[in-house]
Amino acid sequence: MPRMSPATKRQRIAIDEDSWVNQLTPSAQSVILFVHGTFGDAKETWRGTSEALLTNPGLSSFDTASFGYSSKVFERNTPDTFTEKLRLWINTHLSSYTDIYIIAHSMGGLLVRGSICAMLNDAGENKTVKKIRLCFLVASPVTGSKVATFLTKIGLSKIHKRLDYLDNPKFNGKPLGKAYAAAVKRYCDNGGDTIDAPHFHIFTAERDIFVGKPKKSFYTKFDHDEGVLPGTHGSVKLELDINSTLITRVAQLVLDSIGTSRRLQKSRINAIQESTREREEAALASPGCGAALAGGTGETVDILLISCSNTKSDASGHHFDGNASLLSQLDDPDIRQLIFATRNRMLTSIQGGLVDGIEFSEGNRGSRPINKELIFGPDFGGRINESKFLPAYLRYKGRCYQATPDEWAKFLQQPKRPVVLIMSGLYGLLLATDSIQNYDAHLTDVNLEAGVSIQTYWKDRELMTEILLSHIKWLEKNVGPVGRVVDALSELSYQETINWSLIRHRWPVFHRVFEKRAGRDALANLGVWVRDVLRDPNLLKSIEYDQFYENKSFLDEDRIAFERLIGETSLKVMRQIKN
């Protein structure tokens, strides 16, 4: 397994004696709230669990919080009182966050369910409801506790007010399943959307003598049975490490939710539409600007996309340089989290022996020594910054990388140069200057457990496209208008990872083709052309659609051309056969 980065130290902000927020930065957008159960407390119930969860690089930027309440044997306050306190606490102390995740144990899960039911019933709290993404209930008696049922029957509920609640938990007189369904309906009647209703994931403990599996009548379409975890009612959530079933599953679900959030997708669409509107207004207001944007002339920044290479330098000696990374040049901070989450998934799968180079019969990637040596450095959201890095343009040594280090260095020093982006199966998109480790993986490698290619993880939900769009928007805010996007990617598998329709209706896209060679057979000629662009960046501004360009250094006297849409040039060119 890879070395995990230690969880970053956070500042504890005490709310009261039993509750607090552990803050990484005042601008953190995501928080995980922990709620203990009956007879538990905020400190001991989750001992070591929050630290283990934050060790996952994809969650390293999250804050944590803990809500505590009195759990004396003889307690005057009713569970309804604690439910209302939790509701108020979330609205007051977590209001600055855009994404809230809740993990609750035992009776804490009942309080969470009741609090969210109350929020759904109140139209004034729609904004808070939208922020609560997922809730994880661990050993929670959502349909009653076996022990509480017994103690209630022998009359002890008269001296312990929680027993009736733990025996038959309800909200507004209804069982928690029906109460939640009714609350979601009320929420929608008040103008809400079912998409925003929080989902619950239910875990039970293998040796739990207090709480059994929930009855089928509890489950709504917003509830998901996550099965049985090893341990007792008390130990199921204690002293867990990064490889524990609970930690692994919670981290996976949180990271997946970041990518599947409809709210996030809607906000991105709105941002793209706003960017397009501003771009069109600027073009109309500035004489000649429209021609510059459409044709790639004038003071515009062009983008050249190329693929990584199988052949790499095994040198090292550099530390990670965050200032030279694409991660520092994204307009949407959510995209950065998605990149870390996907890179983390790729790395964990590779080192876990789950990725195989089936297409080119290259075997299991986990057996490669260079993959075993990969660390969770800053490139994966970690903190281990050893001298194992090289800039991407020096790391890759394949046929597409025929320019010398001196030619690269001279090109990168030019103030008005094009931006070179490199597509990688492990890393996603990279700047040429991005610090990367040595590795062995290909975009078409297959995850044997999931039965899908690595490409799927970057292509799914338009992630690679979102990364490109976020970088373009950053460029237009900080550098200048983007002129043209030139696709010099090596193979169809790389080209098809991007949804070009979302790019070309705002910026002209040029897809390279060759007259006599295609796919990997064209790599040598493609490398010559890329080298020529580095020597003379104005070549990018001179290319036109559907026109052949000769180069004396090309093999077989081949010629390069560019098409507006993949597969639609009128020229007679060689096409890669799709597998």
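The values are calculated or read from the model by the stated rules, or taken from the named source; none is laboratory data. As the structure is a prediction and not an experimental result, all values here were calculated from the model. Using ideal geometry, Cβ is built from the backbone for each residue, glycine included, and neighbour counts are taken over all protein chains shown. These accessible areas exclude ligands, DNA and RNA; they are computed on the full protein's heavy atoms, side chains included. Shrake-Rupley method; radii C 1.70, N 1.55, O 1.52, S 1.80 Å.
Filter the GluC sites (Glu not before Pro) in the range 342-450 down to the DSSP loop ones having no more than 16 other Cβ atoms within 10 Å, then list what survives. List each step's numbers first, then the result.
Working: sites: Glu359, Glu362, Glu373, Glu386, Glu407, Glu449; in loops: Glu359, Glu362, Glu373, Glu386, Glu449.
Those satisfying the criteria are Glu359, Glu362, Glu373, Glu386, Glu449.
Multiplying the residue separation of Asp16 and Asn126 by 0.36 nm and subtracting their alpha-carbon distance yields 37.0 nm. Around the Cα centre of the chain, unit charges on the Cβ atoms of Lys, Arg, Asp and Glu (plus for the first two, minus for the last two) sum to a dipole of about 1440 debye.
Subtract the Cα-Cα distance of Phe360 and Glu51 from 0.36 nm times their separation in residues, and report this length gain in nm to one decimal.
Numbers: separation 309, 0.36 × 309 = 111.24 nm, distance 4.06 nm.
The span from Phe360 to Glu51 would gain 107.2 nm if fully extended.
Taking the Cα atoms of the chain, the ratio Rg/Rh between the radius of gyration and the Kirkwood radius comes to 1.04. Each part reduced to its alpha carbon centroid, the range 300-327 and the range 198-232 end up 45 Å apart.
Put simply, the Cα atoms of the range 182-235 extend 43, 18, 15 Å along their principal axes, the longest span coming first. In the chain, the DSSP-assigned H stretches of four residues or longer account for a calculated mean residue ellipticity at 222 nm of -10000 deg cm²/dmol, using -39500 (n - 2.57) per stretch and the full residue count as denominator.
Past 29 Å, Cα to Cα, is the threshold; run Lys372/Lys477; Lys397/Lys541; Lys130/Lys473 against it and keep the listed order. Provide the component values of the computation, followed by the final result.
Details: Lys372/Lys477 40 Å; Lys397/Lys541 26 Å; Lys130/Lys473 26 Å.
Where the Cα-Cα span goes over 29 Å, the pairs concerned are Lys372/Lys477.
What residues from the range 206-235 fall in the zone where the backbone N is under 17 Å from a label point 7 Å along the Cα-to-C-beta line of Ser257? Only 220-227 pass the distance filter. For the range 401-471, what mean projected area does the convex hull of the alpha carbons give, in nm²? The directionally averaged projection comes out at 6.2 nm².
Roughly what % of DSSP beta bridges within the chain run antiparallel, to the nearest 5? Spell out each step's value before the answer.
Values: 29 of 68 bridges.
Roughly 45 percent of the DSSP beta bridges within the chain come out antiparallel.
Shape descriptor for the range 33-127: Rg over Rh equals 0.98 (Cα atoms; Rh from the Kirkwood inverse mean 1/r). Per the Cα gyration tensor, the range 99-233 maps to an equivalent ellipsoid with semi-axes of 27, 17, 11 Å, ordered largest to smallest.
What percent do you get for the relative contact order of the range 9-263 when only Cα pairs under 8 Å and 6+ apart count? Spell out each step's value before the answer.
On the way: 476 pairs, mean separation 50.8, N = 255.
Over the range 9-263, the number comes to 20 percent.
In straight-distance terms, cross-link reach from Lys215 covers every one of the lysines whose alpha-carbon lies under 25 Å from its own, apart from those fewer than eight places away in the same chain; here that gives Lys146, Lys153, Lys161, Lys170, Lys174, Lys178, Lys185, Lys237.
If you look at the Cα atoms of the range 301-563, you get an Rg and a Dmax of 17.6, 49 Å.
Classify the range 481-545 as rounded, prolate or oblate from the Cα gyration tensor: take a ≥ b ≥ c as the square roots of its eigenvalues, call it rounded if a/c is under 1.5, otherwise prolate when a/b beats b/c and oblate if not. Don't skip to the answer; put the middle values down first.
Values: a/c = 2.13, a/b = 1.14, b/c = 1.86.
Cα axes put the range 481-545 in the oblate bin.
Over every pair of different alpha-carbon atoms in the range 314-437, take the mean of 1/r and invert it; report that Kirkwood radius in Å.
15.6 Å
Shape index of the range 450-579: Rg/Rh, with Rg the Cα radius of gyration and Rh the Kirkwood radius from the inverse mean 1/r over Cα pairs, equals 0.97.
By a 1.4 Å probe calculation restricted to protein chains, Arg345 has an accessible surface near 80 Å², given to the nearest 10.
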